[in-house]
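Asker: Next up is a structure, given as structure tokens.
Just so it is clear, none of the values below were taken in a lab; they were calculated from the coordinates. These figures come from a predicted structure and were not determined experimentally. Note that we place each Cβ from the backbone using ideal geometry, even for glycine, and neighbour counts take in every protein chain shown.
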Amino acid sequence: MSLRSDIRALLTDAVDAYRGSPAEGILRQELRSVDGPLRVAIAGRVKAGKSTLLNALVGEQIAATDAGECTRVVTWYSYGPRHAAWADPRPDGGAGILGSIHPGGGGGGGGPVEIPLCRAPGGAPVDLGAYAAEEVERLRVELPSEQLRRLTLIDTPGIASLSTEVSRRSHAFLVPGTGTEEEAQDEDQDGDDGGGADAVIYLMRHLHTTDVSFLEAFRQTGLRGTAPAHAVGVLSRADEIAPGQAESIDLARRVTAGMGRDPRLRALVQTVVPVAGLLAQCGSWLGEREFAALVSVAGQPAVDGVPLLLSVDRFRAAHPRIAAAVGDRSALLAGLGLAGLRIAVALIETGQVTDASGLVAELQQRSGLPELRALLERQFTDRADVLKAQTALRRLDAVLDAYPIRSAEALRTRRERIEAGAHALAELRLLGELRLGEADADVDDDQREAMELLLGAAGGDVTARLGLPPDTPAADVHAALRAALDHYRRLSENRLAPRPLRRAAATLRRTCEGLLAGNG
Amino acid sequence: MVTRPLAGLLFVVVGRPKVSHIALNGRSWARRRTQRLLKAYSKLTQGAGQTGSWGSGGCPSGQKSAEGMGLERPAIGDAASRGQGTHLAALSSVATQHLRWLPPPPRDARTPTPLLDPYPIVGRSYRKIYIHHADENYKVVSVRTSHEVSVEVSVSTAAAGPPAASASPAVLSLLDAVILEAGRHGRADLQARLAHERERLAAASCRVVVVGEFKKGKSELVNALLDMRACAADPVETTVVPTLIRHATSSTATAITEPDGAASPARTRISLAEAHRLMLGTPEDIVDRTAIRGVEIGVPCDILAAGLTLIDTPGVNGGLADARAAVTLQTVADADALVFVSDASQEYSAPELEFLRRAAQICPVVVCALTKIDFYPQWRNILDLDRGHLRRAGIDAPVFPLSAPLRHHGLRAALPEIDTESGYPAFAVHIRSELVEHCRERARRDADEGARDSLAQIMAEPLAERAALDDPATTRALLSQLRAAEAHAQTMTSATARWQRTLREGSTRMQRRVADDLSQRLRAVEDEFRKSVEINDDPARTWDELYAGLCEQNNRALMAHRDMLEAEGAALARRVAAVFQVDETASGVVPDISAMLPPACGQPAPDGLDPQFRTYGRGALWSNALRSGAISMMPIHLVSAFGALAGLSLAPLLAPAGGAVMLVVAHRTLRASRESQLSAQRAQARRAGENYLQKSWSLEYEHSKRRQQDIDQALVNIFTDRAAELATSARRNLTSVARSIKATDAERRARIAALDAEISRIRTLAERYR
């Protein structure tokens, strides 16, 4: 039986056991999401570019982005047949909204209210209408986007916001059950806020890892008991690292490489990649008309000796000799940013692109988005079952602790059995321990890296696990696997080795055996 | 009206300037601009860099003014932009920079005419523009070479407008006249004091510290303001070493290092490139650079020469929770003003605003800079949001939107309007006219007070003699009175003088109180930390949180302790000054000079300073403390001058950053620890925290001790000198009166005439200090 079906069966029984209790809703929701898409939250400090990245990932201008702080409500973006949005009002108390992710699930309290989705450029895409942000528990948006078929994306308000209420909400969402007692009580009353994500994308825009407060914010949001396998870091706004320099993305890569070595960050995320959000999302709006405007700009690099792209104000000032209207130029600037504009104009000037689609492709290539997509695929989608299983078990634990009933013990025993039996979960746990320095495996850095790779830190396929190039011949892969298996078998049987190391080696040995079996 | 000694200006453009010729002579707009530029300079140069010497003969330094206004620009790379453009750029940038805040030139003023270039034009590239002072005889100071063109311009006193309150050349020459007068009366002691005052006035510099989170463009801002690459700036690496930038005639760099175990920091001359390498790094590099206290860079730059010292600090992260926040705030405490840098990418964050609030408490003169406005389309919104945050936080600070790329382009391509758009000209004007001018004004008031007091002491002698000569009958009574005064003054110089006792006792008490305060605060922080470790369930995992909390607590304690130390010091100074004052008044050695002058004509009394002076940096803390004790201006001036001086030494400006690093290291060892026992982990976390506290507080203990010694020593010096001055005055009064007894009638008449002339001369001088 697969892990997923085990979990499904367990949750189904748990729902039966808790029928009529407030916990039923939570469990039902969890049960539904076992077969639903993976839930990935996007978290980070204020103005880190969370909504911009979300738009880029969805491929559509759907989340509002603005210079000031603008995401104030936790918003879920999931796949749906049409564009639609619902607001879940904050419950007045008692009943709570045990609403589902999917529309029509309904719940107590005010119940979800469909709200108009304004898609006019410039306006806030989601209009809260009569509701103030404080009254809304969360927003749910559905779009027919292919990208969302396998991932549900969750946009969260920024941490370290000057508005503490907004910060608190993010916090409460990302770290359910922590915080002050009062808040915890609030959450109890809510039953559950429907929060909890299977995986997290942390956005950071600061360049250096000793930014104590940023790590502090992340540490607080770091889902307790979760391993970095659940999280990847994104150095967002990568185009701003060296404003005005074309090689900004390359510089960003240098920065992220340094970040990846920091032990505190390693404990938090798998890896860090740079993404230039604005460049990444240009595909959703950049058409031939915009391209024509860019061409006219490229043809007139300077006005009265002043380069047009010297500053944002110069670029959008009235220049009678430039064909593109002021409004068009402002739109281009808003869409691409000054750094993006410089790259786009350079691409057009050098003749590397000749039409809008070519430009979009080039810009997206340079945005770092393809790498991020690949990373998400490797880290999240490929192991969606394991990640979801872990969330489900965590949820179940919380319910069992909060509502002890007679059959709780039996459920707990089954749950333990599943966890013990699923090697993927053991791998994930060991990986987390290694990353956090908790495994106490007395090994040097090289050895630890090899262990982490083998556990799937860089991806689940066999070559990635062995740290071999993807095109390695099968025979070599096989030989490497055998060598690793031998190594870990010996280690696990070595009575002189410290106990934690032997335990880790045993897990790794099973991994090798599994891979060998799969590899034929 | 005061005749200004600096009636002429010499404007020398060094190099092979084809265009300087055009810029200066060719077109009318250029001429107008140059004239205005020169006028601006006549107001702005203010004797900075004048290294004039005065000797025992009291020769004012005007004769020997030195090249003060060196202005060097980096070579321009592009051949196309070389030549005319760059020259005009250099000139017009200077012009736009300085003209903004000047009142329009009076229409009827006799406008000076630049002379024509007598030299043939040789080449096209240029290197330097030097602007020199000439003395009133229009002497040419610089050496001419065949590649130089010099243009001499006369600026009449009338055309230059009324002398500004802070027209330093006038102030200096007046001070020189007082020094001369002191020399004439054989008062070497007063001369020495005034000479010191003069030096301070000439070198008066406004210390502006640049702070903010990292990667906000602090170093870029410094470079753009100065229009030269004084600081290293890099898109990826960041400033890790505090850097002090001051004026120098040629580029210099000094590394200030503090080797382990050395008593005092060592200074090493290094090249600018080396300095830049030292300054930049990733935060991890701080571990390797704990021995480096700071870098001092001297560059030739007009705005620095006008009396500005900039301190670029490593960025803080997360406000007070940053381990180095206390170090940065220490720098802020020693500064005259604070530039808080944030960029246009986002509004102020909560930690930023909290840090700013704390910094503004220490250094109330705050200027906010919003950088990178060329890059963020929404910068105007951010500007509004930030202004709102400041308003709500009760911080009264202007926000300047700035763009370094616009600045550089504007200057390179000779486009003044682009330069204006960059915001830097307005920013520079604010720094000059608000910050630098205020500092200068304060120094001037201190110097004025010294001059006034010296004149009173000098005047006492001829006045006493004149009184004796006038009425020989009273001579005996006068003599005995003067003898009593002399005896009184003598006792003030002895080690048993009342003020000495007060100082000794007070300083012992202060030492004890400060030490108690320090250990109490340390204990409180330590206890708090231990408690938080004790209740922590997972110190290894939550170390970052513990660490930030510890840093924040520690920073707050350190700041509170320093506030206490300064307040104690100021209170001690007030007590000593009050005792001294009572004795000084009782001795009656120094007459009240204002009583000898006609009533003031509507000018505010020296104590009626505008309120801003009362809240100006650390010097103000001191002078305020003294003022509240109803003490006359003289000791206030002495002590507040000291208070302001105390920050001048580099040591407190570039405070050591060593302690901060320990926690980062501790973190690594803790995480790598093989101990899985909670109690063992707690013990380890406690040890790491205690180590950090120990290091940080042993540094603080040193700082505290040094500061106390400084205060002690300064008070001893100030009042010992003052007592000696009084004794000299008393003795001289006595001798001159005694001499008058033996005089014949004829001698007496001649002497009275001579004395009258002397008195009226001193009075004329004194009147100018009203």
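Asker: Once you average over the residues of B:376-382, how many Cβ atoms of partner chains fall within 10 Å of each Cβ?
Answerer: Counting Cβ atoms of other protein chains within 10 Å of each residue's Cβ and averaging gives 5.
Asker: Which of the pairs B:Lys216/B:Lys695; B:Lys218/B:Lys705; A:Lys50/B:Lys218; B:Lys531/B:Lys705; B:Lys215/B:Lys695; B:Lys531/B:Lys695 have their Cα atoms more than 22 Å apart in this structure?
Answerer: The pairs that break the limit, which is 22 Å between Cα atoms, are B:Lys216/B:Lys695; B:Lys218/B:Lys705; A:Lys50/B:Lys218; B:Lys531/B:Lys705; B:Lys215/B:Lys695.
Asker: Another question, then. Which of rounded, prolate or oblate describes the stretch A:283-367 when judged by the alpha-carbon gyration tensor and an a/c cut-off of 1.5?
Answerer: The shape class here is prolate.
Asker: Find how much the distance from B:Asp756 to B:Gln481 grows on full extension, using 0.36 nm per residue of separation minus their present alpha carbon separation; answer in nm with one decimal.
Answerer: 96.7 nm
Asker: Let me ask another. Can you give the FRET efficiency to the nearest 0.05 for B:Arg512 and B:Ala188, using r as the Cβ-Cβ distance and R₀ = 35 Å?
Answerer: E(calc), rounded to 0.05, equals 0.30.
Asker: Next question. Which FRET efficiency value, to the nearest 0.05, do you get for B:Thr720 and B:Ala473 by plugging their Cβ-Cβ distance into 1/(1 + (r/R0)^6) with R0 = 35 Å?
Answerer: 0.35
Asker: Taking the beta-carbon count within 10 Å as an exposure proxy, list B:Lys216, B:Lys695 from fewest neighbours to most.
Answerer: Listing B:Lys216, B:Lys695 from fewest to most nearby Cβ atoms yields B:Lys695, B:Lys216.
Asker: Under the rule a/c < 1.5 gives rounded, and otherwise a/b versus b/c splits prolate from oblate, where does the stretch B:406-542 land using the Cα gyration tensor?
Answerer: oblate
Asker: Okay, moving on. Treating only the Cβ atoms of Lys and Arg (+1) and Asp and Glu (-1) as charged, compute the dipole magnitude of the stretch A:283-367 about its Cα centre; round to the nearest 20 debye.
Answerer: 180 debye
Asker: For the stretch B:205-422, just say rounded, prolate or oblate: build the C-alpha gyration tensor, square-root its eigenvalues into a ≥ b ≥ c, call rounded for a/c under 1.5, and beyond that prolate if a/b exceeds b/c, oblate if not.
Answerer: Oblate is the answer for the stretch B:205-422, as a/c is 1.5 or above yet b/c matches or exceeds a/b.
Asker: I've got another one for you. May I ask for the distance between the Cα centers of the stretch B:337-367 and the stretch A:471-503, given as a whole number of Å?
Answerer: When both Cα centres are located, 56 Å separates them.
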